[in-house]
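**Student:** Pasting a structure below so you can have a look.
The values are calculated or read from the model by the stated rules, or taken from the named source; none is laboratory data. Only a predicted model underlies this, so the values are computations on that prediction, with no experimental measurement involved. We place every Cβ from the backbone using ideal geometry, glycine too, and count neighbours over all the protein chains shown. Ligands, DNA and RNA are stripped out before the accessible areas are found, and what is left, the full protein with its side chains, is counted by its heavy atoms. Shrake-Rupley method; radii C 1.70, N 1.55, O 1.52, S 1.80 Å.
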Amino acid sequence: MSVQPDSKISNSTFLLTGFPGLEREYPWLSIPFSCIYAMVLLGNCLVLHVIRTEPSLHQPMFYFLAMLALTDLCMGLSTVHTVLGILWGISQEIGLDACIAQTFFVHGLSCMESGVLLAMAFDRFTAICNPLRYTSILTNMRIITIGVAILGRSFLFITAPIVRLKFFDYCHPHILSHSFCLHQDLLRLACSDIRFNSFYALALVICTLFLDSVLILISYISILHSVLTIASRDERLKSLKTCVSHICAVLVFYIPIIGLTMVHRFGKHLSPVVHVLMGNIYILFPPLMNPIIYSVKTQQIRSRIQRWFTKQN
């Protein structure tokens, strides 16, 4: 079913965009997307289960990893019903309240993932640059405080612009650009004064995603400087290997965001399918790849999963 403006659609209902021109292929497209969502849910649940049941993993590094897995799990749950709902032919419509709620969780969880990645960078910085003070700096109470701060920053700061979406007049055709709701997409359809939301959203991106990425970069410059002072080549490699998983997680989070931004900014001439595909990559790629990265690259988790499956067999 293609997305067409419909006069019967009320002011509180929006149409989500699937993959324009590929409507006949939705039954086939639903298979890989269903598999991806299943892997997102099972992979992150497996990481959480391994960390919870393995006492040797009750360390600051793995507490932050559990936060990351929980964030990715919630990201998958927040969009699965609309994406698969379109591909399975259930519905392309979404109410304004449901759309605003999805917008709140998508942007809040994205900000939360950035904050968790920054906390993990601080963990690696402390472990390598101040190894003797590692346990005294990252105590359980400090980890809880960091987690609460990340949660508060992620959801409290976005509440004001998200709530304002409820009171806008949407006079443009109620057709969204993706198979889920985004703040900037709703602003595009509004006829009200959106200057506060536009400037607030830009400031929020600068103060969260951009600032987090700069601090992560600074932490790794400090880590590299500290590692280069180690005399033994084997010790240098051992220290750097503990950062590989986190570096990969940072890349799979920021590269899709940069790609989606570039497509929206410079790719207006591109096919709508490209925009929808980049949006889905932005939502699904980090939650899909992070469990794989940490299961493969982190020896403690990999060996625990291997022992668990060996015992089951």
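**Student:** About its Cα centre, what dipole magnitude does the chain give when the only charges are +1 on Lys and Arg Cβ and -1 on Asp and Glu Cβ, stated in debye to the nearest 20?
**Tutor:** Roughly 960 debye, rounded to the nearest 20.
**Student:** Check the straight Cα-Cα distances from Lys166 and name the aspartates and glutamates below 18 Å, setting aside those fewer than 8 residues away within the same chain.
**Tutor:** Glu93, Asp97, Asp185, Asp193
**Student:** Say each of Cys45 and Val148 gets a label point 7 Å from the Cα, pointing the same way as Cα to Cβ; how far apart are those two points in nm?
**Tutor:** Result for the modelled spin labels: 3.0 nm.
**Student:** Moving on. Need the full-extension length gain, Glu235 to Leu84, defined as separation in residues times 0.36 nm minus the C-alpha distance. One decimal, nm.
**Tutor:** In short, 49.6 nm is gained.
**Student:** Counting only protein heavy atoms and using a 1.4 Å probe, what share of the accessible area of the chain belongs to carbon plus sulfur, as a whole percent?
**Tutor:** 69 percent
**Student:** Could you pull out every whole DSSP H run in the chain that spans at least 27 Å of Cα extent along its own axis and averages 0.5 or higher on the Kyte-Doolittle scale?
**Tutor:** Correct list, ordered by number: 26-53, 60-87, 96-129, 233-266, 272-297.
**Student:** For the chain, give me every cysteine whose Cβ has no other Cys Cβ within less than 4.7 Å, ordered by residue number.
**Tutor:** Cys with no partner Cβ under 4.7 Å: Cys35, Cys45, Cys74, Cys111, Cys129, Cys207, Cys243, Cys248.
**Student:** Roughly what would the spin-label model give for Leu29 and Ile206, points 7 Å off Cα along C-beta, in nm?
**Tutor:** Taking the simple label geometry, Leu29 and Ile206 are separated by 3.7 nm.
**Student:** Within region 144-168, which residues have the backbone N less than 14 Å from the label spot 7 Å out from Ala101 along Cα→beta-carbon, could you tell me?
**Tutor:** Label zone hits: none.
**Student:** Follow-up. On average, how much accessible surface per residue is there in region 13-83, in Å², for a 1.4 Å probe, leaving out ligands, DNA and RNA?
**Tutor:** Ligands and nucleic acids excluded, the result is 43 Å² per residue.
**Student:** Heavy-atom accessible area per residue, region 199-313, 1.4 Å probe: how many Å²?
**Tutor:** 60 Å²
**Student:** Once fully extended, how much extra length lies between Phe167 and Ser226, figured as 0.36 nm per residue of separation less the alpha-carbon to alpha-carbon distance?
**Tutor:** Value of the extension gain: 16.0 nm.
**Student:** Suppose only helical runs count, i.e. DSSP H with n ≥ 4. What mean residue ellipticity at 222 nm does that imply for the chain under -39500 (n - 2.57) per run, divided by all residues and rounded to the nearest 500 deg cm²/dmol?
**Tutor:** Theoretical 222 nm ellipticity from helices: -25000 deg cm²/dmol.
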